[in-house]
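Everything below concerns the one structure shown next.
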Amino acid sequence: MAFSTLNEDDDLNAEINTTPLVDIMLVLLILFIITIPVMHHAVKIDLPRATSQPNEAKPQTITISIDTLGQVYWNEQPLDRAALPGRFAEAAKREPQPEVHIRADRKTLYENVAEVMSEAKAGGLRRIGFVTEPVQNHP
């Protein structure tokens with residue numbers, strides 16, 4: 001049995017040899033470069049050509065405006081509050097269902113806006129949104 005002894009003449013190399021790692025990475029890179037184009041599994045078919053336009057019906061927009069005094073406007077036309085539920089129910093029957101955009105004056109009472117929203121919801125309308133103006137920053 002042979003034992004090796006550590007002499008002062010022997011040099012210990014504490015560094016990691018990265019040459020084999022670089023060699024393996026280069027071999028893997030070459031393999032990927034060669035195999036990627038081969039992995040394209042597509043059957044070439046001459047498909048028929050036809051033109052068609054998607055039939056996307058854009059929903060109509062109903063603009064409800066409420067001024068400071070609580071007067072309601074349906075698409076910029078004055079409307080009596082008593083006629084509002086009937087108009088909402090009629091609009092809810094359309095397909096696609098229109099969107100309701102509520103525009104209210106800054107000083108309009110919240111109660112007036114809430115009543116209009118409630119009547120729209122009770123009428124069967126599902127898309128209700130608010131129209132606002134962006135804040136303008138002055139330099």
When (1) out of contact with any strand residue (DSSP E or B) (no Cβ under 8 Å at 6 or more places or on another chain); (2) in contact (Cβ under 8 Å) with a residue 12 or more places away in the chain; (3) not acidic (Asp, Glu) are applied to Pro134, the one that fails is (2)
Among the residues of segment 104-139, count how many are under 16 Å from Gln60 (Cα atoms) and charged (D, E, K, R). 2
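Of everything in segment 42-75, what is at positive phi and at pLDDT 90 or above? Give them in sequence order. Please lay out each step first, then the result.
From segment 42-75, those at positive phi are 70, 75; that's our starting set.
If the condition is that a residue be at positive phi and at pLDDT 90 or above, then Asn75 is the only one that fits.
Taking segment 92-115 as the region of interest, how many residues are of a type in the set (A, V, I, L, M, F, W, C) and in contact with a strand residue (DSSP E or B) (Cβ under 6 Å, 6 or more places away or on another chain)? Break it down into steps so the answer makes sense when it comes.
Of segment 92-115, the ones of a type in the set (A, V, I, L, M, F, W, C) are 92, 100, 102, 104, 109, 113-114.
From what is left, the residues that are in contact with a strand residue (DSSP E or B) (Cβ under 6 Å, 6 or more places away or on another chain) are 100, 102, 104, 113.
So the answer is 4.
When you check Gly86 against the structure, is it closer than 22 Å to Pro59 by Cβ, loosely packed, with under 12 Cβ neighbours inside 10 Å and modelled with pLDDT of 90 or more, yes or no? Even if it seems obvious, please write down each step before you answer.
Values: closer than 22 Å to Pro59 by Cβ: yes; loosely packed, with under 12 Cβ neighbours inside 10 Å: yes; modelled with pLDDT of 90 or more: yes.
When the stated conditions are applied, Gly86 passes them.
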Considering residues that are exposed (fewer than 14 other Cβ atoms within 10 Å of the Cβ), within 19 Å of Asn75 (Cβ to Cβ) and in contact with a Ser or Thr (Cβ under 8 Å, 6 or more places away or on another chain), the number found within segment 93-139 is 1
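The values are calculated or read from the model by the stated rules, or taken from the named source; none is laboratory data. These figures come from a predicted structure and were not determined experimentally. Cβ atoms come from the backbone with ideal geometry, glycine included; neighbour counts cover every protein chain shown.
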